[in-house]
Amino acid sequence: MMKEVLIIYYSQTGQLLDILKNIAAPLQGDGINISYYGIVPDPEFEFPWKQEKFYDTFPESFLQIPAKFLPPKDEILNKKYDLIILGYQVWYLTSSIPINSFLKSEFAKTLLKDTPVITVLACRNMWIQAQEKMKRLLASADAKLVGHIALVDRNINHISVITISHWMFSGRKDKFLGIFPRPGVSDKDIAEAERFGPAIKEALLSASFSNLQEKLIQLKSVNINPFLVRTDERGNVIFSKWADLIIKKGGPGEPKRLKWIRLFKYYLQFAIWVIAPIVFVVFLLTYLPMSQKRNRERAYYSSLELKEN
Ligand SMILES: Cc1cc2nc3c(=O)[nH]c(=O)nc-3n(C[C@H](O)[C@H](O)[C@H](O)COP(=O)(O)O)c2cc1C
């Protein structure tokens, strides 16, 4: 019998779609049928971004408030899938608005219920807590998370902050000022995403996903950076205060709210350039005593397990 695979994704730049196509390439044929469903927000999020709009998407992203999107075609909705590959990106330490909107919809409940799901993530580098939120969203849609792949910008944190801003505001994935490295996931990592395909194919054909994540990890599907784990954790605490505050000031684009958004933007710069380096020094000072905690975190965040806290 034909195995049906659905690839659900959203991507402004096409980076994530390239990765998903490469992962899927080895699956094609041999009784496997692959369909794609690209989420289309209504209205679309403009790319390249205008600065104001970029920061103004923060409250709804972080608080996971759904927005409108076009319904999937009936031919997508009317099939039962053996596997769903869900490609998403991180906006403000959380899955992006189009992805949250889809996952909280009735369409997701129909498509994902009792279905094995592999999450494929491409972002700058801070995804750990976003994936925790993703585990919860998938659990509430009764999906079965069976694998996770995360591709990131491998340059050091502060370099990637500069280069991703250039990319998001200019729309060009090229070297900022001709001297910085190219932003985002490297062409090499995008091409080599193909290596995950055979392990996924084997699991799919044998209808057994129980040791897929283990195999993916051997293929280096996730890399846990303990310093980014700390920064992500702190960032979430502070973002939740800002989001709760700003959401009370009005809807997207409202002048009263935009004043607060501007303050948030300055705060974000301060957090990146002043607070993060302090967190890094503390991280180094506590490096030895924290080694067990780091090992526990590395194991947990590489796993598909969801701990309620
Ligand atoms: C509004 C916004 C916020 C973002 N926040 C984060 C973030 O918190 N962490 C991160 O690693 N990447 C972040 N990114 C980068 C995205 O995850 C992603 O890599 C980039 O937007 C590429 O776009 P695409 O996947 O839509 O093609 C953000 C991007 C946007 C547009």
Report the gain in length on full extension from Asp244 to Ala139: 0.36 nm times residue separation, minus Cα-Cα distance, nm rounded to one decimal.
35.3 nm
Considering the dipole of the chain built from charges on the beta carbon (Lys and Arg +1, Asp and Glu -1) around the Cα centre, which of Ser291, Tyr9, Pro181 is farthest to its positive end?
Ser291
Classify the range 223-309: rounded, prolate or oblate, from the alpha-carbon gyration tensor (a ≥ b ≥ c, eigenvalue square roots; a/c under 1.5 rounded; otherwise prolate if a/b is larger than b/c)?
oblate
Long-range tail of P(r) for the range 156-309 (Cα pairs > 19 Å, %)
71 percent
For the range 1-58, what D do you get in µm² per second when you plug the Kirkwood radius from alpha-carbon pairs into Stokes-Einstein at 20 °C and 1.002 mPa s?
157 µm²/s
Take the alpha carbon atoms of the range 47-100, find their radius of gyration, then divide it by 2.2 N^0.38 Å using N residues; give the quotient.
1.41
In the range 187-234, which trypsin sites (Lys or Arg not before Pro) are in a loop and have at most 14 other Cβ atoms within 10 Å, using DSSP for the loop call?
Lys220
Note to self: C-alpha centroids of the range 212-226 and the range 142-161 sit apart, in Å, by 11 Å
Just the Cα atoms of the chain, one point each, no solvent: what log10 I(q)/I(0) does Debye give at q = 0.08, 0.13, 0.14, 0.15 Å⁻¹?
-0.36, -0.99, -1.15, -1.32
Any idea how far the Cα center of the range 80-117 sits from the one of the range 25-40, in Å?
16 Å
Most mobile of Phe58, Phe45, Phe196 in a GNM of the chain (Cα contacts under 10 Å)
Phe45
About its Cα centre, what dipole magnitude does the range 223-309 give when the only charges are +1 on Lys and Arg Cβ and -1 on Asp and Glu Cβ, stated in debye to the nearest 20?
360 debye
Tell me what the chain gives for mean residue ellipticity at 222 nm when only DSSP H runs of n ≥ 4 count, each as -39,500 (n - 2.57), the sum divided by the residue total, rounded to 500 deg cm²/dmol.
-14000 deg cm²/dmol
How much of the DSSP beta bridge set in the chain is antiparallel, as a percent to the nearest 5?
15 percent
I'd like the per residue volume of the convex hull spanned by the Cα atoms of the range 50-136, given in cubic angstrom.
107 Å³
Can you tell me what share of the DSSP beta bridges in the range 28-149 is antiparallel? A percent to the nearest 5 is fine.
30 percent
Taking the Cα centre of each part, how many Å lie between the range 43-62 and the range 289-309?
32 Å
Using the charge dipole of the chain (Lys, Arg: +1 at Cβ; Asp, Glu: -1 at Cβ; taken about the Cα centre), state which of Leu304, Ile32, Leu258 has its Cα farthest towards the positive end.
Leu258
Please compare each pair in Lys175/Lys256; Lys248/Lys307; Lys173/Lys265 to a cut-off of 27 Å on the Cα-Cα distance and tell me which ones are over it.
Lys175/Lys256; Lys248/Lys307
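Quick note: the coordinates plus some simple rules give every number you see, no bench work behind them. Because the structure is predicted, anything quoted here is derived from the model rather than measured. Note that each Cβ is placed from the backbone with ideal geometry, even for glycine, and that neighbours are counted across all protein chains shown.
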